[in-house]
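Undergrad: To start, I am sharing the structure in question, which I have written as C-alpha cells.
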Amino acid sequence: MRDLPPPLPPDERTVGQVVGETMRVYGDNFWRALPIGVPLALVDQACVREPRDVQALVFWVAAPFIVAAFVWACSVVHHVRPNLTAFFVGLLIYLPFPALRAWYILPAVAWFALMGLAVPAALVEGLPFRAALVRGRRLGTADYVHALASLAVLVIVVGVGEQALIAALRSQGNSGGRAALLLADVVLSPLLYLGGAMLYFDQAARIGSTRPDRRRRRNAHRHPPVDSDPTGRADAQVEP
C-alpha cells in the first residue's frame, strides 16, 4: 500500500480534514474527552418532547456546564490549563445560543463561527476579557466560510452519527429511546466541542492571507497539467 499524503497545514486545511483531525484528537484523548458530552446529553434528556420555550430555558440554565465543557475541550486540544477568563468569555458568547437554536440551528452555528474562537484565544494566548472578544471576531472573519462550513459539517456528522447509533441500540431490543439518545450524546457530542477548539489552528493561520494566496501555496508543490514551456513540435524538422 502506498503511504497516504501528509495532511495540509492549518492555513490550507479543508473542511473534511478538520473533521478528520477532530476524530483523531478524540481517539487519542478518548477518556479525557468523553466527559465533555455529559452536559449536553443531560440537557437533551430534559428537552425531550418539551416546547421550544422550555428547551431554551433549559439550555440557559445549563449554560455554565456547557461552557465549561467547551473550555475543557480547548484545554485538551491545546494542552493548556483552563482559566476563568476563557469561561466568562464563553458564557457571554453562549447567551444568545438558546434563542437562536429555538429558531433554527444554522443561525446558532453561524454565531459560534463568528465569535466562538474567542474562548480558545483567551485560553491559548492568555488574553484579557475584552481583547479575547476582539481576537475571537478577528479569528472568525479570517476565513468565515471555512469556519462556518467546518462547524456545520461537524453538526451534520454528529447528528447523523447519533441517529445511526440510536437506531442500532433500539434494534437490540434492550435499550429505550431516551437511553439510546443519552449514550449517543455522551459518545458523539464531544466532537462538536473538540472541532470548535481545532478550528482555532486553522483560523489563526489564515489571518493575513487571502483565499487566492492559500490556493497558490496549495498548488505550489504540484506540476502543472500543461507544460507552460513546451519543447516545440513533436515532428521537428531536420536538415537532410
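Please treat every number below as a calculation from the coordinates, not as lab data. Being a predicted model, the structure only gives us computed values, none of them experimental. In this analysis, Cβ positions are derived from the backbone assuming ideal geometry, glycine residues included, and neighbour counts consider all displayed protein chains.
Undergrad: So which chymotrypsin sites (Phe, Trp or Tyr not before Pro) in the stretch 37-138 end up in coil per DSSP with only 10 or fewer other C-beta atoms within 10 Å?
TA: Details: sites: Phe59, Trp60, Phe65, Phe70, Trp72, Phe87, Phe88, Tyr94, Trp103, Tyr104, Trp111, Phe112, Phe129; in loops: Tyr104.
Loop-located and lightly packed - Tyr104.
Undergrad: Now for a separate question. Among 43-49, 154-160, 201-207, 130-136, how do they line up from the highest to the lowest mean number of other beta-carbon atoms within 10 Å?
TA: Sorting 43-49, 154-160, 201-207, 130-136 by mean packing, highest first, produces 201-207, 130-136, 154-160, 43-49.
Undergrad: What's the local net charge at Trp103, with K and R +1, D and E -1, over the other residues with C-beta under 14 Å away?
TA: Within the 14 Å Cβ shell, the charges total +1.
Undergrad: Taking the alpha-carbon set of the stretch 16-160, what are its Rg and Dmax in Å?
TA: Cα only, the stretch 16-160: 14.8, 42 Å (Rg, Dmax).
Undergrad: Using the crude model of +1 on Lys and Arg Cβ and -1 on Asp and Glu Cβ, and no other charge, please compute the dipole size for the stretch 12-207 relative to its Cα centre, in debye to 20.
TA: Its charge dipole is roughly 220 debye.
Undergrad: May I pose another question? Would you please state the base-10 log of I(q)/I(0) at q = 0.13 1/Å for the stretch 59-104, with intensities from the Debye formula using one equal scatterer on every alpha carbon?
TA: Listed by q, the Debye log ratios stand at -0.30.
Undergrad: A further question on this structure: Give me the net charge of Val38's neighbourhood, meaning all other residues with Cβ under 12 Å from the Cβ of Val38; Lys, Arg count +1, Asp, Glu -1. Provide the component values of the computation, followed by the final result.
TA: Numbers: positive: none; negative: Asp44, Asp185.
Net local charge, Val38 excluded: -2.
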